[in-house]
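Report on the following structure.
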Amino acid sequence: MVKMVALSGLSERNEFSAVVIRTDFTDEASWRETTAELERSSHYDDDPAESYDVIDAPELDGADTNAILAAISAHEELWEQLSVVFIADSATMRADHHALLVVTTMTREDFEEEEDYEAMVEFGREFRTVPSGVHSIHANLELANMDFEEFSASAHEDSEGVFRAFS
């Protein structure tokens, strides 16, 4: 059974803000570096920290992607607003580039055609992105300017499997 994740403070969340789920709390210096890069790369002029919302979920430390998605899906209002979540896990904290795990919340049921779903998951339901990629990914998916598979394919082409930017 999946534990309920506390989502306090997200009821007032900006619907255009990326959701970062923090599951690893072992390295505060790495976390500060990650959030500093998120803020440096933000398109928000007033307060860059408003460009993303953090869900602290220490109870999901070490959980796999399916368990994290199941925990978040229990919060239907938030779940319905999301097409992607960004996870700051132990790999994020250990890597020099602090790449977050990007996971689509879209499932087969969200597509009318099987081939559309298969195209989206051609490279899997997840990939990693450097913190500066979060805002571009989130905004383009929310505005339907680009599709998940375009970012996933770019990450797939990277030697480390990380989306960095489109050249």
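The values are calculated or read from the model by the stated rules, or taken from the named source; none is laboratory data. Please read these numbers as outputs of a predicted model, since none were measured by experiment. Cβ sites come from the backbone with ideal geometry, for glycine too, and all protein chains shown count toward neighbours.
Out of Met106, Met120, one residue alone is surrounded by 13 or more Cβ atoms within 10 Å (Cβ to Cβ) and touching a helix residue (DSSP H, G or I) at 6+ places or on another chain (Cβ under 6 Å). It is Met120. Within the range 75-87, is even one residue outside any helix (DSSP H, G or I), among the aromatic types (Phe, Trp, Tyr) and out of contact with any Gly (no Cβ under 8 Å at 6 or more places or on another chain)? The answer is yes, given that some residue of the range 75-87 is outside any helix (DSSP H, G or I), among the aromatic types (Phe, Trp, Tyr) and out of contact with any Gly (no Cβ under 8 Å at 6 or more places or on another chain).
Return yes or no: is Ala99 touching a helix residue (DSSP H, G or I) at 6+ places or on another chain (Cβ under 8 Å), farther than 19 Å from Arg32 by Cβ, in contact (Cβ under 8 Å) with a residue 12 or more places away in the chain and of a type in the set (Gly, Ala, Ser)? So Ala99 fails the test.
Taking the range 134-151, which residues are surrounded by 20 or more Cβ atoms within 10 Å (Cβ to Cβ) and either out of contact with any helix residue (DSSP H, G or I) (no Cβ under 8 Å at 6 or more places or on another chain) or free of Cβ contacts under 8 Å to residues at least 40 places away in the same chain (or both)? Passing the criteria: only His138. Just one of (1) buried (at least 19 other Cβ atoms within 10 Å of the Cβ); (2) modelled with pLDDT of 95 or more fails for Ser90. It is (1). Checked against the criteria, Val54 does not count as assigned to a strand (DSSP E or B) and touching a residue at least 60 places away in the same chain (Cβ under 8 Å). For the range 11-38, a residue qualifies if it is at pLDDT below 90 and either farther than 21 Å from His75 by Cα or among the aromatic types (Phe, Trp, Tyr) (or both), and exactly one does: Phe16.
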